[in-house]
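Taking it in order: structure first as structure tokens, then the write-up.
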Amino acid sequence: MDIIKQLQTKVAPTIFTPRAVYDGRKNIFAARELPFGEDGYQEVCLCILAWVSLLNQFSSKCRYPKLSRQQLAPPAVLQKYTKSS
């Protein structure tokens, strides 16, 4: 969940305005088509600093999620996730 929150608020806020809804697995539902360009996907760099107590220092954990357009979800599915968030 932290990765999705960072992605929407810090890494790519212009893509996720309005914010999308994460289903807790691997799907993000958005109220509009996300601007991924002609290729239909976008890879982003997401680095999170974490305190490692064994090393007594911060460590950077980087991930490179590839976001891709899959299909349009029926409005009923979108309503289910937006009501529960």
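Filter the stretch 60-77 for residues that are assigned to a strand (DSSP E or B) and of a type in the set (S, T, N, Q); which is modelled with the lowest pLDDT?
Kept after step one, since they are assigned to a strand (DSSP E or B), are these residues of the stretch 60-77: 60-63, 66-68.
This time we only want the ones that are of a type in the set (S, T, N, Q), so: 60, 68.
Details: S60: 74, S68: 86.
Here the residue is S60.
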Hits in the stretch 1-40 - residues which are under 18 Å from P75 (Cα atoms) and of a type in the set (F, W, Y): Y22, F29
Pair list, Cβ under 8 Å, 6 or more apart: the stretch 50-76 residue surrounded by 10 or more Cβ atoms within 10 Å (Cβ to Cβ), other residue at pLDDT 75 or above and of a type in the set (D, E): P65/E43; L67/E43; R69/E33
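Among the residues of the stretch 18-39 satisfying the criterion of being surrounded by 11 or more Cβ atoms within 10 Å (Cβ to Cβ) and over 11 Å from the mean Cα position of the chain (by Cα), which is nearest to L67 (Cα to Cα)? Steps first, please.
Filtering the stretch 18-39 down to residues surrounded by 11 or more Cβ atoms within 10 Å (Cβ to Cβ) leaves 19-23, 27-31, 34, 36.
Next, from what is left, pick out any that are over 11 Å from the mean Cα position of the chain (by Cα): 31, 34, 36.
Values: A31: 16, L34: 10, F36: 8 Å.
My answer is F36.
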Residues located in the stretch 1-19, provided they are part of a loop (DSSP other than H, G, I, E, B) and either in contact with a Pro (Cβ under 7 Å, 6 or more places away or on another chain) or closer than 17 Å to L46 by Cα (or both): M1, A12, P13, T14, I15, F16
Long-range neighbours under 6 Å by Cβ, at least six apart or interchain, first residue polar (S, T, N, Q) within the stretch 3-29, second not in a strand (DSSP E or B): Q8/F16; Q8/R19
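Output the number of residues of the stretch 31-59 satisfying the condition of being at pLDDT 75 or above and in a strand (DSSP E or B).
Pass one, the stretch 31-59, residues at pLDDT 75 or above: 31-47.
Within this subset, residues satisfying the condition of being in a strand (DSSP E or B) are 41-43, 46-47.
Looking only at that region, the number is 5.
The values are calculated or read from the model by the stated rules, or taken from the named source; none is laboratory data. No experiment lies behind these values; they were computed from the predicted model shown. We place every Cβ from the backbone using ideal geometry, glycine too, and count neighbours over all the protein chains shown.
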